[in-house]
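Let me begin by presenting the structure, written as structure tokens, before commenting on it.
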Amino acid sequence: MDIKKFIMMLATTASITANASEANDTVVINNADKVTIMTSDTVQRVTVLGKEGEQTFVYDESVPLNKWKMKKKKGSNKLKCWDFDFAVGVGTPTNAPDDLSFAPFKSMEWLFGLRYAYTPKKASQSYSVGLWCDWRSYGTSDKYFIKDKFGIIGSENAVVLSGYPPKTSSKSSSINIFSLSVPILFTQRFGQQGGFKVTLGPVVNFNVHGRINTSYEVDEVIYSEKTKGIEYRSLTIDFMGMASYRGIGIYCKYSPMSVLKKDKGPEFHALTFGLFI
């Protein structure tokens, strides 16, 4: 294949635009003096020096080569992308009082949201920040949560535990917290295609809503109650780690701060494992 046909095929395949008379023109270079093609893991660069009738002609263009839906902004030296995140996990509260027996599969987390990722040119590291909607529940089955409005058992408006009535079945009680979370994450890609990734970083939670959900059944009668106004911390920070391959992975999140305010309920931390896509 002669050099003329090769250049025409390369320009058409990559949909390259350059300094031509009109926008989006296909570049056709006849009888180029010198063609240089440099390829890295993420970018292919094409340089053409001289053409028929114009020895001083110079054409230089870079084309992204990646599989992470990144886009190279013209005149920029960085790669950008938006990631949509979804995760579901099972929580295991830790450092809990002895009389507080959490049920693992009744302590759950669901989150979804967007992250903006910045990747320096030719780098395998990314830095991202985003906004997630995060719903966490911490459930127990042996006893149920109530709000002590008058401070009879604990301090006023504190969350305390109470026993179920006799002959109770289908018992469920949980503290539920809804948060707007800001993840600040670092990602390292491995391999030539960058399919395997490890991500680490803190997640700042702005807790905006909290309540107690309790339901149980006595003599085939179902009782259900939702209690608002519990006193939770408005700001907590978690530490998160993820490992993924081609967009599907697992995550672990540790919450070193108790969700409820001091003396306003049981103090506990949380360790969560789950699926992240």
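The values are calculated or read from the model by the stated rules, or taken from the named source; none is laboratory data. Just so we're clear, the structure is a prediction, and the values are computed from it rather than from any experiment. Every residue, glycine as well, gets a Cβ built from its backbone with ideal geometry; the counts of neighbours run over all protein chains shown. These area figures cover heavy atoms from the full protein model, side chains too; ligands, DNA and RNA do not enter into them. Shrake-Rupley method; radii C 1.70, N 1.55, O 1.52, S 1.80 Å.
Criterion first (farther than 21 Å from residue 225 by Cα, of a type outside the set (Lys, Arg), touching a residue at least 40 places away in the same chain (Cβ under 8 Å) and open to solvent by 30 Å² or more (accessible area, probe 1.4 Å)) does residue 127 satisfy it? Break it down stepwise before answering.
Details: farther than 21 Å from residue 225 by Cα: yes; of a type outside the set (Lys, Arg): yes; touching a residue at least 40 places away in the same chain (Cβ under 8 Å): yes; open to solvent by 30 Å² or more (accessible area, probe 1.4 Å): yes.
Taking the combined requirement at face value, the residue satisfies it.
When the residues of region 159-185 are narrowed to those that are of a type in the set (A, V, I, L, M, F, W, C) and under 33 Å from the mean Cα position of the chain (by Cα), which ends up modelled with the lowest pLDDT? Quick ask: steps written out before the conclusion?
So in region 159-185, the residues of a type in the set (A, V, I, L, M, F, W, C) come out as 159-161, 175, 177-178, 180, 182, 184-185.
With the extra rule that they be under 33 Å from the mean Cα position of the chain (by Cα), the set shrinks to 159, 175, 177-178, 180, 182, 184-185.
On the way: 159: 87, 175: 91, 177: 94, 178: 96, 180: 97, 182: 98, 184: 97, 185: 97.
Filtering region 159-185 for residues that are of a type in the set (A, V, I, L, M, F, W, C) and under 33 Å from the mean Cα position of the chain (by Cα), the one modelled with the lowest pLDDT comes out as 159.
Are any residues in region 221-235 under 30 Å from residue 115 (Cβ atoms), in a strand (DSSP E or B) and either without any contact (Cβ under 8 Å) to a residue 24 or more places away in the chain or open to solvent by 50 Å² or more (accessible area, probe 1.4 Å) (or both), and if so, which ones?
Within region 221-235, 235 is the sole residue that qualifies.
What are the residues in region 99-114 that are within 20 Å of the chain's Cα centre (by Cα) and surrounded by fewer than 21 Cβ atoms within 10 Å (Cβ to Cβ), if any?
108, 110, 112, 113, 114
For region 183-194, give me each residue that is in contact (Cβ under 8 Å) with a residue 60 or more places away in the chain and either open to solvent by 50 Å² or more (accessible area, probe 1.4 Å) or in contact with a strand residue (DSSP E or B) (Cβ under 8 Å, 6 or more places away or on another chain) (or both). Talk me through it step by step, then tell me what you get.
So the first thing to find is which residues in region 183-194 are in contact (Cβ under 8 Å) with a residue 60 or more places away in the chain, and the list is 183, 185-190, 192-194.
Residues satisfying the conditions are 183, 185, 186, 187, 188, 189, 190, 192, 193.
Exactly one condition in (1) of a type in the set (A, V, I, L, M, F, W, C); (2) within 29 Å of the chain's Cα centre (by Cα); (3) open to solvent by 20 Å² or more (accessible area, probe 1.4 Å) is not met by residue 218; state its number.
Of (1) of a type in the set (A, V, I, L, M, F, W, C); (2) within 29 Å of the chain's Cα centre (by Cα); (3) open to solvent by 20 Å² or more (accessible area, probe 1.4 Å), only one is false for residue 218: (2).
Select from region 132-182 the residues that are surrounded by fewer than 13 Cβ atoms within 10 Å (Cβ to Cβ) and not in a strand (DSSP E or B) and list them in ascending order.
149, 150, 151, 152, 153, 165, 166, 167
Condition check: over 16 Å from the mean Cα position of the chain (by Cα) and either on the phi < 0 side of the Ramachandran plot or at pLDDT below 85 (or both). Does residue 258 satisfy that?
Numbers: over 16 Å from the mean Cα position of the chain (by Cα): yes; either on the phi < 0 side of the Ramachandran plot or at pLDDT below 85 (or both): yes.
For residue 258, the condition - over 16 Å from the mean Cα position of the chain (by Cα) and either on the phi < 0 side of the Ramachandran plot or at pLDDT below 85 (or both) - is met.
Residue by residue through region 238-277, note down the ones that are in a strand (DSSP E or B), open to solvent by 50 Å² or more (accessible area, probe 1.4 Å) and over 22 Å from residue 184 (Cβ atoms).
Residues satisfying the conditions are 245, 248.
Answer yes or no: is there a residue in region 209-216 that is farther than 18 Å from residue 108 by Cβ, modelled with pLDDT of 90 or more and assigned to a strand (DSSP E or B).
Step one: list which residues in region 209-216 are farther than 18 Å from residue 108 by Cβ, which gives 216.
Among the residues that remain, those that are also modelled with pLDDT of 90 or more are: none.
The answer is no; no qualifying residue exists.
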